[in-house]
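So the structure is just underneath, and the comments pick up after that.
Read-outs: derived from the displayed coordinates by stated rules, not from any lab. None of these values were measured; they are calculated from a predicted model. Neighbour counts run over all protein chains shown; Cβ positions are idealised from the backbone, glycine included.
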Amino acid sequence: PKTIRLKDYREPPFLIDQVDLRVELFEDGARVHSRLDVRRNPSVQPESELHLDGEDLKLEEVTLNGEHLSASRYVVEDSQLTIRDMPDSAVVGVVTWIKPQENTRLEGLYKSSGMFCTQCEAEGFRRITYYLDRPDVMARFRTRIEADLKRYPILLANGNEVDRSPLEEGRHQVTWEDPFPKPAYLFALVGGDLVERHDSFETVSGRNVALRMYVEPRNQEKCDHALAALKRAMRWDEEVYGREYDLDVFMIVAVDDFNMGAMENKGLNIFNSSCVLASPETATDAIYDRIESIVAHEYFHNWSGNRVTCRDWFQLSLKEGFTVFRDSEYSADQGSRTVNRIDSVNMLRTAQFAEDSGPMAHPIRPAEYMEITNFYTVTIYEKGAEVVRMIHSLLGPELFRAGSDLYFERHDGQAVTTDDFVRAMEDASGRDLTQFRRWYDQAGTPELAIEDSYDAASQTYRLSISQSCPPTPGQPEKAPFHLPFELGLLGTDGQDLELQLEGSEPSGRSMVLDITEPRQEFVFTNITARPVPSLLRGFTAPVRLRYPWTRDQLMFLISHDSDGFNRWDASQRLATDVIEALAEGREAEVDARLVSACSALLKNDALDPALVAKMLSLPSLAYLIELTPSADVLKLHQAREQVLTSLARSLRDDLHEVYQRHPAPAAYRYTSEDMAARALRNMALAWLLSINDEQALKLARSQYGQANNMTDRLGALRAVVNSDFAEARQTLLDDFYQQWQADPQVVELWFAVQAASPQAGTLPHIKALMEHAAFDWKNPNKVRSVIGAFAGQNLVNFHAPDGSGYSFLAEQVIRLDPSNPQIAARLVSPLTRWKKFKPETADAMQRALREVMGQPKLSRDTYEIVSKGLS
Ligand code: HT7
Ligand code: ZN
């Protein structure tokens, strides 16, 4: 496969002003008639040939200004339609025949549960018709959809509906017009027998926007949460960013077969059912949260992505990083800011740090790719959001908002670069972000090594911060980064001290330092006793922090730090230190200090229970692996289990007491308070079942049977499935399936609980799940809930010492690759992390990768991941 490079970017030689589509939907295929108003781009060297992209299309006709084009004027090869001797401007007509029914890749136009739908980002539109399929070609679209009226009463496309009429033979047409020029990746159409849920929103300027949600009839009771979230997000974007919605209608459609979470098509967002549909009985709190943030994310793209879009796919983080930052701030404003930050950072430090230290490490603005869909990564999204967050921290909220206003005003209707974004921030704030720009083109996670000393005689505290960044593929050396570093100093009474840098005015009890040099020293004055530093408060930069904390210092921070994030971070560092010492055989028993810290947390009524639940959660095995060079998975798992069971034994009474103190209320409410209570209750249950507590088994059975919501029901089920109570496990699993088999989203949860369980997770059990009637290779959610959950969450079984987990995964990737390469490429990535593991493990993982590599017809998607994974 060819490598595409940012340095080769050229403006398009032709532009398209208007696209007229007529899409005829049939049971055996679809015919697409397209008329493109094409003109030569005046700002580039003229070219005589027009090259239109197209994949898997049957070309039926080509016309130029309405005239049939003779075969000598055009050629179809290498996924392109080339028209020779192209005039300065012309109407290019193309008719193609496609087969949505056979489209298992789920890119372009395809069928899902009887409905037609599209996914065009990144390069799906070229699977519908020949086009200049690149984001810097922006056109106005008019879309006429024709289909059988009975089977497909609902026909949707972008923009506003402008016409509808019956046609012959029981067919009908609906025509849509989108007044906003857009790249083809934002095109969408839907045709199906769907029910419509109505709502409305009055914008800040008093315009009424019709909100509509389209779902299969069986899901009509599951729309309330998404619609409520949408209205909250619309209001928030007006209030916080001054962004008003711009069309008369905003539509959301739920589809069962979808490669990712959702898609921000202009005015017609399409969602994976699992990311938009919810009822208390079928969705957990985590799913409610996920829906809230994804609905907001897709809506926010209307400005950050659609009105201002990307010039090319190297700029993907321009829209994704900024939009993730926007959605995470939105979520923080809805519930607990600290808990939200903890969840984001936990994910970043586990998944993104791992990616950044592996073979696929890339900057948030990559320099090259083979297949762009491989670059919808945690780096582009989550690290991209952290980079925007750092700009926010460096500029402060007012100047950041001024920068955002300038960016939207300056670039409305344009396709731009990350550099344009940074320049708007600079111009609005007067700050120089030249050095800061390195975050966009240097990959890898910087490390900050902190040293400190206290001088009682001069009452000064000296802090030195050194930064470095390990090499990443193609980048052996890194220049220093510019980053904000927030800190506080705790006095002996646990209070934040007044901070005063030598030679400066006092600057409050928490301050943000600007780090720019390889090594910087800061001297704090008037410090009367050695303080305990609270470093990188709120995780102001995506870095690894090295400081030789003692366990006593961590205990102190857990009890006193005024920064909730750092309190949690101290709890994680303490638990990690204890687990690592056990895994390495340096200690045999669980340090009593950890037990007393947890005991105090369980009894603490003053702290937010949601924060308590987070602080009590042990670091995940994935995170522990990420921290450990040459990791031995089994040893880490056993050490983690030893800590868990020893805490549960020592704190058994406290856990029962916590369980009783947080009873389930009569009705489910999606509130921070109730969710925190459910989190604590279910955590207590899981801990107690880890020590096979019979009384807890009774509680779990009764919670499972009486729960009025899926969080509690699944919490009880998961705790039992992960326990040694084999008979109860099977009884509850059977009952759960009996009750919920008609609901695919709940069946996905049922699959995932089993596939991720360290208990149930022997390979034969996973294989049996794949033979189950509800498993479906064509449905990415099912593949993810069994194979993805096994390889991504069931690490102790996936890394079984005999290598069986690896060869199993290789086999499934090989099987999936021809039908859905995007999902196959995502699935294979755990194998590429072999450098993290001890040598025998690494060898077995590479063997599995070579097995995949040896396949004669590998997709470009999987080839890129596997070849880079082996390098
Ligand atoms: N912008 C959307 C990206 C997306 C996507 C990309 C590749 C293949 C399938 C896809 N489905 C959606 C999602 C988002 O970030 O909002
Ligand atoms: Zn996005």
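Can you give the calculated 222 nm mean residue ellipticity of the chain, where each DSSP H run of n ≥ 4 adds -39,500 (n - 2.57) and the sum is split over every residue, rounded to the nearest 500 deg cm²/dmol? Don't skip to the answer; put the middle values down first.
Values: 29 runs with 336 residues, N = 871.
Calculated from helices alone, the mean residue ellipticity at 222 nm is -12000 deg cm²/dmol.
Pull out a ≥ b ≥ c, the square roots of the eigenvalues of the alpha-carbon gyration tensor of the stretch 769-871, then state rounded if a/c is under 1.5, prolate if not and a/b is larger than b/c, and oblate in the remaining case. Verdict is oblate for the stretch 769-871. Put the Cα centre of the stretch 156-172 next to the Cα centre of the stretch 193-267 and the gap is 22 Å.
Can you list the trypsin sites (Lys or Arg not before Pro) in the stretch 167-210 that are in a DSSP coil and have 15 or fewer other beta carbons within 10 angstrom? Intermediate results must be reported in sequence, preceding the final value.
Numbers: sites: 171, 197, 207; in loops: 207.
Within the stretch 167-210, the qualifying trypsin sites (Lys or Arg not before Pro) (loop, at most 15 other Cβ atoms within 10 Å) are 207.
Against the chain, whose longest principal axis is taken from its Cα atoms, helix 337-347 shows a tilt of about 80°.
Here 165, 785 are placed in order of increasing Cβ neighbour count within 10 Å, fewest first, which gives 165, 785. Compared with the dominant principal axis of the Cα atoms in the chain, helix 726-740 is inclined by about 30°.
Overall shape: oblate for the stretch 1-106, with the ratio a/c of the largest to smallest alpha carbon gyration tensor axis at 1.5 or above and b/c at least equal to a/b. Within the shell of other residues whose beta carbon sits under 10 angstrom from the beta carbon of residue 723, the net charge comes to 0, with Lys and Arg scored +1 and Asp and Glu -1.
Would you please classify the overall shape of the stretch 335-428 from the alpha carbon gyration tensor, given that a ≥ b ≥ c denote the square roots of the eigenvalues, rounded means a/c under 1.5, and beyond that prolate means a/b larger than b/c while oblate covers the rest? Intermediate results must be reported in sequence, preceding the final value.
Numbers: a/c = 2.46, a/b = 1.23, b/c = 2.00.
Oblate.
To the nearest ten degrees, helix 285-300 and the longest principal axis of the Cα atoms of the chain are 50 degrees apart. Please work out the C-alpha center-to-center distance from the stretch 507-548 to the stretch 430-486 and express it in whole Å. First find each Cα centre; the distance between them is then 11 Å. Over the Cα atoms of the stretch 194-307, the radius of gyration divided by the Kirkwood radius equals 0.94; this is the Rg/Rh ratio. Within the chain, DSSP assigns beta bridges of which about 80% are antiparallel (rounded to the nearest 5).
Mind listing which trypsin sites (Lys or Arg not before Pro) in the stretch 1-101 are in a DSSP loop and have 15 or fewer other Cβ atoms within 10 Å? Spell out each step's value before the answer.
Numbers: sites: 2, 5, 7, 10, 22, 31, 35, 39, 40, 58, 73, 84; in loops: 2, 10, 84.
For trypsin sites (Lys or Arg not before Pro) across the stretch 1-101 that sit outside H, G, I, E and B with at most 15 neighbouring Cβ atoms in 10 Å, the list reads 2, 10, 84.
Among 671, 445, the order by Cβ neighbours within 10 angstrom, fewest to most, reads 671, 445. One Cα centroid belongs to the stretch 72-122, the other to the stretch 620-687; the line between them spans 51 Å. Our analysis of the chain gives Rg over Rh at 0.97, with the two radii drawn from alpha carbon positions and Rh computed by the Kirkwood formula.
Here residue 150 and residue 71 are evaluated by their C-beta separation; at R0 = 51 Å the FRET efficiency comes out at 0.80.
Could you calculate the contour length gain from residue 332 to residue 603, that is, 0.36 nm times the residue separation minus the distance between their Cα atoms, to one decimal place in nm?
Details: separation 271, 0.36 × 271 = 97.56 nm, distance 2.62 nm.
In short, 94.9 nm is gained.
Given 58/767; 182/857; 767/835; 99/266, which pairs have Cα atoms separated by over 31 Å?
58/767; 182/857
Taking the number of Cβ atoms within 10 Å of each Cβ as an exposure proxy, the fewest-first ranking of 376, 110 is 376, 110.
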